[in-house]
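Here is the structure we will look at, set down as structure tokens.
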Amino acid sequence: MVEWFGDLSNFEKVYWVVTLASSVIFLILLLLTLTGGDVDDLGDVDTEIDADSGIGFQFLTFKNLIGFLTIFGWSGISLMAYDYSKPAVIGISIFCGLLMMFAMAGLFYYLSNMDHSGNLVLKNAIGNTGEVYLNIGANRSKLGKIQINVQGSLRDLDALSDSDTELTQGDIVTVTEITKNGVLIVNKHIRTYDHHPISS
């Protein structure tokens, strides 16, 4: 194995290192997802297409980036096996990686919409308190998530805030409104007495 790797060109070595590392992480993320593990905390790097309007289509996320690198790597290695030129390998593998990112972003957006549909009436969350578990940016600058009890069920829902400061994990918040895209608008909750942070 060491001898085989040593015989590769530097260009091939870069592709193999990126491919193997991203593939291992991709498999771990896939396994966590299938087993119900929480993968959101692995990458608090989500950037939305338009966070101000509350659109939940997240393109630049940790999971999507790993998907890009995985497909980028394997497609590049496959092209090198057919003696494509270096510029062609780089260009085509980047294109394949971007296609993978769009596909994953679309899939998660679709699944998120399914989770928010059905019997769940988001307006029932207005006035309820919840707990931040994925940081929420100030002035609707960054989409985050809260855990909140709605209709008798504990749910993880997307949230934005009009607060001048970022809401961080563990903060207790109150839902004040729901956007037309189904995103909760929350503000930091001021408690006058001790009680469980998540109300029904």
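The values are calculated or read from the model by the stated rules, or taken from the named source; none is laboratory data. Model, not experiment: these values are computed from the prediction. Reconstructed Cβ throughout: ideal geometry from the backbone, glycine too, with neighbour counts over all protein chains shown.
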*Any residue in the range 172-189 that's on the phi < 0 side of the Ramachandran plot and assigned to a loop (DSSP other than H, G, I, E, B): show its pairings with residues that are among the small types (Gly, Ala, Ser) and crowded, with 19+ Cβ neighbours inside 10 Å at Cβ separation under 6 Å, as long as the two are six or more apart or on different chains.*
179/54; 181/54; 183/54
*Can you pull out the residues in the range 106-128 that are in a helix (DSSP H, G or I) and modelled with pLDDT under 70?*
111, 112, 113, 114, 115, 116
*Give the range 41-78 a look and list any residue that's in a helix (DSSP H, G or I) and modelled with pLDDT under 50, or say none.*
41, 42, 51, 52, 53
*Residues satisfying the stated conditions in the range 130-171, i.e. modelled with pLDDT under 90, exposed (fewer than 14 other Cβ atoms within 10 Å of the Cβ) and closer than 21 Å to residue 108 by Cα*: 154
